[in-house]
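**Q** Here you go, one structure.
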Amino acid sequence: MPGTARYLTHPQVQVDPDRDVPRWTLNDTGRARVAALAAAPGLLSGTSRIISSAEVKAVETAEPLARALGLQLEIRPLMHENDRSATGFLPPPEFEAMADAFFARPDDSIRGWEPARAAQARILSEVEAVLAGHDTGDVLFVGHGGVGTLLYCALAQEAIDRRFDQGPGGGGNWFGFDILSRKAALGWQPMETLSD
C-alpha cells in the first residue's frame, strides 16, 4: 500500500563562483548533517524508494541515506533546480532579489531563468512519473529548495509564492505528502526530524 512521500532538500553547500552551480558539493556542515541523519536510529522506516536529482549536492545527500536503508538510489535528471544558467553565480544580495522576482512573476523568464511555472510543471511531472507506478511503502525525493517550494505550493493547492519557501539556513528541510491523495501535510521541517 502506498504511504507517504517526502521531499528533502540538500543541506548547506560549498559556494564556488568558478564552478557551475549544479556541480557544487555539500560543505562540511552539510555533510555532517547528512552523516548524522544516515546514522540515526529509526531513519525513514517504511521507505522503499529514494529518488534524487542528478545535481552533485543532491546526490551527496541521497547516497548516504540510500546506503543506510539498503536501497538502490534512483537518479532523475529532470528533478534539477530551476535553471539559472543564464546568469550563473550571483552574489547573495543579487541572488535574493532574483529569487524574489522568480516567485513573484511565475510566468516570466527573469534575466533568462526558467520561469517558475515551467519549473513547477517539470517537478510535478517527475514526481507523478515516479508515483504512478508505486504501490508499496514510502518514497523519499531528494532535491532543491526552489523546485521543492514550487512542488509544495502545487500539492498544498497554494499560488506560487516565496512565503512557502523553506526559509534561510542553507537547506536541509523536508515536507511530506500522502501518495494517494497527493496532498501536502505539514510545511517545511528540519531534516533532523526524519529520524524521530
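The values are calculated or read from the model by the stated rules, or taken from the named source; none is laboratory data. Note that this is a predicted model, so its numbers are computed, not measured. Cβ placement follows ideal geometry from the backbone for every residue including glycine, while neighbour counts extend to all protein chains displayed.
**Q** In segment 36-47, what residues are surrounded by fewer than 16 Cβ atoms within 10 Å (Cβ to Cβ) and either within 17 Å of GLY143 (Cα to Cα) or of a type in the set (Ser, Thr, Tyr) (or both)?
**A** Correct list: SER45 only.
**Q** Can you find, within segment 104-115, the residue that is surrounded by the fewest Cβ atoms within 10 Å (Cβ to Cβ) among those that are free of Cβ contacts under 8 Å to residues at least 40 places away in the same chain and in a helix (DSSP H, G or I)?
**A** My answer is GLY112.
**Q** Within the group ALA32, ALA54, ALA62, which residue is surrounded by fewer than 18 Cβ atoms within 10 Å (Cβ to Cβ) and assigned to a helix (DSSP H, G or I)?
**A** None of the others qualify; the one that does is ALA32.
**Q** Let me ask something additional. Looking at segment 169-192, I want the residues that are among the basic types (Lys, Arg) and have a partner that is crowded, with 20+ Cβ neighbours inside 10 Å and not in a strand (DSSP E or B) with Cβ atoms under 9 Å, at least 6 apart or on another chain. Which pairs are those?
**A** As it stands, the answer is ARG182/VAL127; ARG182/LEU155; LYS183/LEU155, since those pairs meet every condition given.
**Q** Quickly run through segment 121-152 and pick out the residues that are touching a Ser or Thr at 6+ places or on another chain (Cβ under 8 Å) and either among the aromatic types (Phe, Trp, Tyr) or closer than 24 Å to GLY169 by Cβ (or both).
**A** Answer for segment 121-152, where residues must be touching a Ser or Thr at 6+ places or on another chain (Cβ under 8 Å) and either among the aromatic types (Phe, Trp, Tyr) or closer than 24 Å to GLY169 by Cβ (or both): LEU140, PHE141, VAL142, GLY143, HIS144, GLY145, GLY148.
**Q** Of these, ALA118, ALA101, which one is assigned to a helix (DSSP H, G or I), out of contact with any His (no Cβ under 6 Å at 6 or more places or on another chain), hydrophobic (A, V, I, L, M, F, W, C) and farther than 24 Å from GLY170 by Cβ?
**A** Exactly one of ALA118, ALA101 is assigned to a helix (DSSP H, G or I), out of contact with any His (no Cβ under 6 Å at 6 or more places or on another chain), hydrophobic (A, V, I, L, M, F, W, C) and farther than 24 Å from GLY170 by Cβ, namely ALA118.
**Q** Give the residue, chosen from GLU60, GLU81, that is touching a Gly at 6+ places or on another chain (Cβ under 9 Å) and more than 26 Å from ALA159 (Cβ to Cβ).
**A** GLU60
**Q** Just a yes or no: is a residue in segment 136-144 surrounded by fewer than 17 Cβ atoms within 10 Å (Cβ to Cβ) and in a helix (DSSP H, G or I)?
**A** No.
**Q** Now, a different point. Within segment 65-80, take every residue that is outside any helix (DSSP H, G or I) and either at pLDDT below 95 or at negative phi (or both) and give me the one that is surrounded by the fewest Cβ atoms within 10 Å (Cβ to Cβ).
**A** Ranking the qualifying residues of segment 65-80, first place goes to GLN72.
**Q** Taking into account only those residues within segment 16-26 that are surrounded by fewer than 18 Cβ atoms within 10 Å (Cβ to Cβ) and touching a helix residue (DSSP H, G or I) at 6+ places or on another chain (Cβ under 9 Å), which is modelled with the highest pLDDT?
**A** That would be THR25.
**Q** Would you mind stating whether THR149 is over 25 Å from ALA62 (Cβ atoms), among the polar types (S, T, N, Q) and in contact with a Phe, Trp or Tyr (Cβ under 8 Å, 6 or more places away or on another chain)?
**A** no
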